[in-house]
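Step one of this worksheet: look at the structure below.
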Amino acid sequence: MELPLPSTLYFILVGGIFLKRLLQRATTILVAALLFAAPIAVAPASASPITRSVTTTIAATTAVSKAKITTSPKSATVAKGKTHSFKVKATGSKLKYQWQVKKPKSSKWVKATGSSAKTKTLRVMAVASLNGAQYRAIVSNSRGKTTSKSAKLSVVTSPKITTQPKNLTAAAKSKVALSAKANGGSVSYQWQRKAGSKWTNISKATRSTHSFTASTGQSVNEYRVIASNKAGKATSISVKVTTVVKPTVKIPVSIQTTAGKSVTIKSQVSGGSLSYAWEREVQGADGNATWKRIVGATGANYTFTARSTNELDTYRVIVTNKAGKATSAETVLFVSSTRQDPFAIDKIFSMPDWMVTFFAPGQYPSDRPGKVDLFVDLFLGNISESTIDPGEWIAVDYIGSDGLIYNDSEYTVEDSYLDMGPLLPMDVDLASSIGYGVVFADVPAHAVKGGIWRITDLYDGSVEYVKGF
């Protein structure tokens, strides 16, 4: 069937357009095939411009590498008022940074502010309100983002010693400990010992408490501690550690004095850092003796005013320190009486050669008008190393309140063999070592009351007084 001319022209035009598009597509495919095949083709030297053009095209099409953190920021201790830099390191292209902070007492991370908050290095001013704050960095690019580990900021002030160490006394070879405390935050300690005039660090003594073994002998050493942090340091007071050994003590065997005079019992001790406790032996109602602590007598020596009542008292001292205690032997006190402070009736007292007691005093009317006959029983024991007859050498008088002396007694004894041997120890045969006698005095009635007995040893001239009526 023949087509009309217009239809024929229409067909030709449409077919031409289709064929043109087909040729264009084929050309595009051919060019692309040549471009991709070019790198493996053996090209002549004149083809090098084409090779460079292909390489440039490939580099332009390389993908962006993913961000990766290689070094996270590190925790830091910073002095108050100083600036600290937190740093992060990452690999990848076209990286962006954003720092975050989690403040003390908060559980939320928020964006950090400031000119450095979007850089590799975050600069932070250390203030008290940021003590304990945590920081981290978020690193990102078109491929995604990654977060660093967090770092803590500790803000410290210059340290101050709040608890000072104390002086110590310890037994040799015992365990001792010195302690101190300081504020300021993140404080480290270093204990020192004084060697001569210089202070030297003690190895490994870097805690707030320093424990060690005391020296083997008696000694005194000085110690101190230095507390320090990023803001500065502080030094404690120096203290002494005194090392002691078990004490020893000696006191005199006996002391002779006179009533009304001051007496000092001195101790000789060793051991160091001692405490003292003086005691006096007291006779109980049952006749048994016990030791009683003397109130206030806590010194190395015991001083007091002697009285007639202290005659033949015995004393001792107990000394104590960290290493133990020691008790002295006894000291016997011999007191010479006076007219103002005579011995009491029934009181045993001593004279250089005698142990004496006046007892059982009495009186009755005298056959002489205006007078009274006084009498008193007398016991003597010879404590000298030789035999002395008291009938020849002992004289007893009554001194009336008028100051006059009365003696009508002609003192007599039943046994003149009165040798008791040495006073200490009194290891004697009492049956053959004691004497007994009665003293008489004829005294005016008005002079009886307030008078005193006087006993005189004519052998050595010693005198003692005993309270009268």
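So here's what we get for this one:
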read-out	value
Any hit, the range 257-268, residues being surrounded by 15 or more Cβ atoms within 10 Å (Cβ to Cβ), among the small types (Gly, Ala, Ser) and closer than 30 Å to SER174 by Cβ	yes
Lone unmet requirement of (1) outside any strand (DSSP E or B); (2) open to solvent by less than 60 Å² (accessible area, probe 1.4 Å); (3) within 30 Å of VAL332 (Cβ to Cβ) for SER215	(3)
Which numbered condition SER350 misses (of (1) free of Cβ contacts under 8 Å to residues at least 60 places away in the same chain; (2) open to solvent by less than 30 Å² (accessible area, probe 1.4 Å))	(1)
Odd one out for ALA205, checked against (1) more than 17 Å from the chain's Cα centre (by Cα); (2) in a loop (DSSP other than H, G, I, E, B)	(1)
Hits in the range 356-407 (condition: part of a strand (DSSP E or B), of a type in the set (S, T, N, Q) and without any contact (Cβ under 8 Å) to a residue 40 or more places away in the chain)	THR357
Residue count for the range 82-100, restricted to those that are within 21 Å of LYS66 (Cα to Cα) and in contact with a Pro (Cβ under 8 Å, 6 or more places away or on another chain)	2
Selection from the range 86-118 of residues that are β-branched (Val, Ile, Thr), open to solvent by 50 Å² or more (accessible area, probe 1.4 Å) and part of a loop (DSSP other than H, G, I, E, B)	THR113
Matching residues, the range 227-250, being touching a Pro at 6+ places or on another chain (Cβ under 9 Å) and either open to solvent by less than 30 Å² (accessible area, probe 1.4 Å) or not in a loop (DSSP other than H, G, I, E, B) (or both)	ALA227, SER228, ASN229, GLY232, LYS233, ALA234, SER236, VAL239
Looking only at the range 189-219, and only at residues there that are hydrophobic (A, V, I, L, M, F, W, C) and at pLDDT below 95, the one that is farthest from ALA171 (Cα to Cα)	ALA195
Meets criteria (of a type in the set (D, E, K, R), at pLDDT below 95 and touching a Ser or Thr at 6+ places or on another chain (Cβ under 9 Å)) for LYS181	no
Check on SER366, open to solvent by less than 50 Å² (accessible area, probe 1.4 Å) and within 30 Å of LYS250 (Cα to Cα)	no
Residue check, VAL78 under 20 Å from THR146 (Cβ atoms), part of a strand (DSSP E or B) and open to solvent by less than 30 Å² (accessible area, probe 1.4 Å)	no
Number of the exception - TYR302 against (1) free of Cβ contacts under 8 Å to residues at least 40 places away in the same chain; (2) farther than 30 Å from THR242 by Cβ; (3) among the aromatic types (Phe, Trp, Tyr)	(2)
When residues of the range 151-173 are limited to those that are at pLDDT 95 or above and of a type in the set (S, T, N, Q), the one nearest to the chain's Cα centre (by Cα)	ASN167
Filtered residues of the range 287-319 (kept if open to solvent by less than 50 Å² (accessible area, probe 1.4 Å), within 25 Å of PHE349 (Cα to Cα) and either in a strand (DSSP E or B) or touching a helix residue (DSSP H, G or I) at 6+ places or on another chain (Cβ under 6 Å) (or both))	ALA289, TYR302, PHE304, THR314, TYR315, VAL317
Where a residue in the range 221-237 is closer than 18 Å to ALA76 by Cα and its partner, wherever it lies, is surrounded by fewer than 20 Cβ atoms within 10 Å (Cβ to Cβ) and of a type in the set (S, T, N, Q), with Cβ under 6 Å and at least six apart	SER228/SER188; ASN229/SER186; LYS230/THR77; ALA231/THR157; ALA231/SER158; GLY232/SER158
Search result, residues across the range 150-198 that are under 30 Å from THR70 (Cβ atoms), open to solvent by 60 Å² or more (accessible area, probe 1.4 Å) and part of a strand (DSSP E or B)	LYS152
So ILE138, is it more than 26 Å from TRP99 (Cα to Cα) and either open to solvent by less than 60 Å² (accessible area, probe 1.4 Å) or part of a strand (DSSP E or B) (or both)	no
Answer from ILE388, ILE455 - the residue that is modelled with pLDDT of 90 or more and open to solvent by less than 20 Å² (accessible area, probe 1.4 Å)	ILE455
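The values are calculated or read from the model by the stated rules, or taken from the named source; none is laboratory data. Since we're looking at a predicted model, the values are computed, not measured. Don't worry about glycine lacking a Cβ; one is built from the backbone with ideal geometry, like all the others, and counts go over all protein chains shown. Remember, those area values only see protein heavy atoms, side chains included, never the ligands or the DNA or RNA. Shrake-Rupley method; radii C 1.70, N 1.55, O 1.52, S 1.80 Å.
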